[in-house]
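A.B. asks: Let me begin by handing over the structure; questions about it come next.
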Amino acid sequence: MSFRKSIAAWMKKRFGVTLDPATEIYSLIGSKEGLGHLPLAYLNPGDVALVPDPAYPVYKNATLLRAGSRTFCRFSKRMTFCRILRVIPGAVLKKAKILFLNYPNNPVAAVASRAFWRRSWPSQKKHHLVVAYDNAYSEMYYEEPPLSFLEIPGPKRWGSNFIRFPRPTT
Ligand SMILES: Cc1ncc(COP(=O)(O)O)c(C=O)c1O
C-alpha cells in the first residue's frame, strides 16, 4: 500500500490529480504487463478495441489474443480523433469497448494538447469507451510537460468509465 500511496502523491504533485490508492492505483511489473492483461480482463470474444495505427504493438496483440476482433484507426494530423469516431461504422462502434491512446506517442512522438483532450472526451463518453491511456512517456519532453488524460475535467468525474479495482481486504 505504501507504494500506491507514493504513486498517488506523485500524481497529485505532477498532474494535480487526486486518486484513491486503494481503488484507483494498481501496481504492475511494467506497463506492458498491464496493457497486455487489460483486454484479457475486460473484453469478451467478438468485442472490438479501437487501436490506433501505428501504435505500440501490445494494444493490438493483446486484443487479438482475447477478442479476435479489433478496428484500426489511422491517425494523422488532419484526422482528428472525433472525426475518426464519426467514420467508424456504427455497428463497429457499438461493439467497441476500449480505446487505446498514447501521448506522448510511440512511435510518432505526437503530444496531445489540453484542447485535444477536451474535444475528444465527449465522444469517448458518448460511446461508453474505456480509455486505456498509456502515459509511458509523460516524463520525456523538451519544453511543456505532457498532460495526463485525468487532468481534464470529465474523466475523473465520470467514474463509470474507469475500471475500478476491488478494495483490498487487508
Ligand atoms: C508506448 C509504450 N507503452 C508501454 C511500454 C512498456 O513499458 P514498460 O517498460 O513499463 O513495460 C512501452 C515500451 O516500449 C511503450 O513504448
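What follows draws every value from the coordinates through simple rules; no lab data is involved. Not measured: the values here are computed from a predicted model. Here the Cβ positions follow ideal geometry from the backbone for every residue, glycine too, while neighbour counts run over all protein chains shown.
A.B. asks: From the phi of every residue in the stretch 20-31, what ³J(HN,Hα) in whole Hz does the Karplus formula 6.51 cos²θ - 1.76 cosθ + 1.60 yield, where θ is phi - 60° and glycine or proline is x?
C.D. replies: Rounded to whole hertz, the list is 7, x, 7, 10, 10, 9, 9, 9, 10, 8, x, 5.
A.B. asks: Karplus couplings for the stretch 33-38 from phi (6.51 cos²θ - 1.76 cosθ + 1.60, θ = phi - 60°), rounded to Hz, Gly and Pro as x?
C.D. replies: With the stated coefficients, the stretch 33-38 comes to 4, x, 5, x, 8, 4 Hz.
A.B. asks: Return Thr23, Thr18 ranked ascending by Cβ neighbour count within 10 Å, so the fewest neighbours appear first.
C.D. replies: Thr18, Thr23
A.B. asks: Could you pull out every residue, at least 5 positions away or on a different chain, whose amide H is within less than 5 Å of the one on Val48? Hs are placed 1.01 Å off N in the peptide plane, and Pro or chain starts have none.
C.D. replies: Those qualifying (amide H under 5 Å, at least 5 residues apart or on another chain) are Ala96, Lys97.
A.B. asks: Set the bar at 20 Å for Cα to Cα. Now go through Lys60/Lys97; Lys13/Lys97; Lys95/Lys126; Lys97/Lys126; Lys95/Lys125; Lys97/Lys125 and name every pair that lies beyond it.
C.D. replies: Going by Cα-Cα distance, Lys13/Lys97 fall outside the 20 Å limit.
A.B. asks: Which cross-chain or sequence-distant (5 or more) residues have an amide H under 5 Å from the amide H of His127, H modelled 1.01 Å from N in plane?
C.D. replies: none
A.B. asks: Going by how many other beta carbons lie within 10 Å of each one, how would you line up Arg114, Arg14, fewest first?
C.D. replies: Arg114, Arg14
A.B. asks: Taking the Cα-to-Cβ direction at His127 and at Ser113 and moving 7 Å from each Cα, how far apart do the two end points lie in nm?
C.D. replies: 2.2 nm
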